[in-house]
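This report refers to the structure that appears directly beneath it.
The values are calculated or read from the model by the stated rules, or taken from the named source; none is laboratory data. The structure displayed is predicted, hence computed values, not measured ones. For neighbour counting, all protein chains shown are included, and Cβ atoms are generated from backbone atoms with ideal geometry for every residue, glycine included. For the accessible areas, the whole protein counts, side chains as well, though only heavy atoms, and no ligand, DNA or RNA atoms are used. Shrake-Rupley method; radii C 1.70, N 1.55, O 1.52, S 1.80 Å.
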Amino acid sequence: MTDVIDFLEKLAQDATLRRMPLQSALDGVGLSAEVRAALVSRDQQALEELLGSRNICCMVNAPIEEEDPKDIPVRKDTRAA
Amino acid sequence: MDRKGSLVCVGVGMTLGSHITPLARSYIEKADVVFTALSDGIIELWLARMNADVRSLQSLYKEGKSRPETYRQMVDALLTEVRAGKQVCGAFYGHPGVFAWPPHKAIEIARAEGYSAHMEPGVSAEDCLYADLGFDPGRYGCQHYEASQFMFYRRRIDPAAYLILWQIGVAGDQSFARFSTGAQYRQLLVELLAPDYGLAHEVIVYKAATLPMHQPRMERMPLGSLPDAEIDMHATLVIPPSQPLEPNTEIRERLRALDAAP
């Protein structure tokens, strides 16, 4: 039995599957009806709720460089010795 | 015998499973500990299977909390384990060095402290954008800015080149603590852009596909409609050129003179 993460990874890496309608790609894959419905409807929120994993933020960019980077201490003692 | 700590920051690309390089995957699988900063909860689940000790950095985010503070905590989390002698991998979505502060800072500090630290590139949202929208940045040139930084500082826009503004969902946020700003903030951005482009100029709201069954978002609209558009933290604004390239006749003449010189 394949789970949804395995299925997504396979779909991501297989050109034959990518050319198929998603319904066909799901043939024979043992997923619950709820997960299958979320996949077919491309409902990411529903899928994340079913899997219990939802990110709240993805930003890692700082629009302003810090004027004074001293608040991130650079420890020179540990490796210099 | 103690092991020397090390740090590698890798990109896992934008689309789950499609973009990760064999080397990035190997660093993730062979690390003592992996820290993740990823775009989607489902991608967190995918990464979590690659190593027995995968720690998401998601818990450091909180709306209302300064994001620079969150980023410093990310750096500290990575370096704490490096200093403990572990082989640490930071796995970031897209490219770990493009519009991403913690990987650069963590590598900089780790190196300054004498540890081995480096970055492995990944497929970024920018890479996906060129493929999905079908333009080559070399054709007319391409300018990239973080949207808030673009608003905070005076810039010289070249309307003969593409202009790409990242993180338009938080455009104009001077608190660095919000997860979204609203239509009024984007209206100011539009007013900043309008003299060079005009309100009728067609722009594109873009988001790369992060799951393999998804299509990228490529929503075209007049610049003047941007404030009312549905925009989240994943959205990027793509502004095609509004003017033709202007020949530099003086430089061309001088180049011709060089060509003609014996």
I'd like the residues of region B:59-98 whose 1.4 Å-probe accessible area shrinks by no less than 20 Å² going from the isolated chain to the full set of protein chains.
B:61, B:67, B:71, B:72, B:83, B:93
Once the Cα gyration tensor of the protein assembly as shown is diagonalised, semi-axes √(5λ) in Å
35, 29, 21
For region B:199-214, list residues with backbone N below 17 Å from a point placed 7 Å from the Cα of residue B:135 toward its Cβ?
B:199-208
For region B:243-250, take each phi angle, set θ = phi - 60°, evaluate the Karplus expression 6.51 cos²θ - 1.76 cosθ + 1.60, and give the result in whole Hz per residue in order, putting x for glycine and proline.
9, x, 4, 9, x, 9, 5, 5
With DSSP loop assignment and no more than 12 other C-beta atoms within 10 Å, the chymotrypsin sites (Phe, Trp or Tyr not before Pro) in region B:122-221 are B:153
With a 1.4 Å probe and ligands and nucleic acids left out, the total accessible area lost when B pairs with A, in Å² to the nearest 100, equals 4200
For residue B:6, other-chain or 5+-apart residues with amide H closer than 5 Å (H placed, Pro excluded) are B:86, B:87, B:88
Given charges of +1 on the Cβ of Lys and Arg and -1 on the Cβ of Asp and Glu, with all other atoms neutral, how large is the dipole of the protein assembly as shown about its Cα centre, in debye to the nearest 20?
620
Can you tell me the relative contact order of chain B? Whole percent, Cα pairs under 8 Å, sequence separation 6 or more.
20
Give me P(r) over chain B, computed from all C-alpha to C-alpha distances, binned every 5 Å, as integer percentages.
1, 6, 11, 14, 15, 14, 12, 9, 7, 5, 3, 2, 1, 0
Which of the GluC sites (Glu not before Pro) found in region B:163-262 are in a DSSP loop and have at most 16 neighbouring Cβ atoms, other than their own, within 10 Å?
B:230
Gained length - residue B:80 relative to residue B:26, 0.36 nm times residue gap less alpha-carbon distance
17.2 nm
Computed over region B:130-262: relative contact order in percent, which uses C-alpha pairs under 8 Å that are six or more apart
27
Quick one: if you take sqrt(5λ) for each eigenvalue of the C-alpha gyration tensor of region B:26-79, what semi-axes come out, biggest first, whole angstrom?
22, 14, 7
Separation of alpha-carbon centers, region B:1-71 and region B:98-135, rounded to whole Å
13
Would you kindly work out the equivalent ellipsoid of region B:1-149 from its C-alpha gyration tensor and give its semi-axes, the square roots of five times the eigenvalues, largest first in whole Å?
26, 18, 16
Exactly which GluC sites (Glu not before Pro) in region B:104-152 are in a DSSP loop and have at most 14 other Cβ atoms within 10 Å?
none
Pop the C-beta distance of residue B:153 and residue A:56 into the FRET formula with R0 = 25 Å and round what comes out to the nearest 0.05.
0.30
Which longest uninterrupted range of chain B lacks any trypsin sites (Lys or Arg not before Pro) assigned by DSSP to a loop state (not H, G, I, E or B) and surrounded by at most 15 other Cβ atoms within 10 Å?
B:157-262
Mind scanning B:4/B:62; B:4/B:30; B:65/B:207 and naming the pairs with a C-alpha gap bigger than 22 Å?
B:4/B:62; B:65/B:207
Rg/Rg_globular for region B:147-262, with Rg_globular taken as 2.2 N^0.38 Å and Rg from C-alpha atoms
1.37
Expressed as a whole-number percentage, the relative contact order of region B:194-262 with C-alpha contacts under 8 angstrom and at least six residues apart is 33
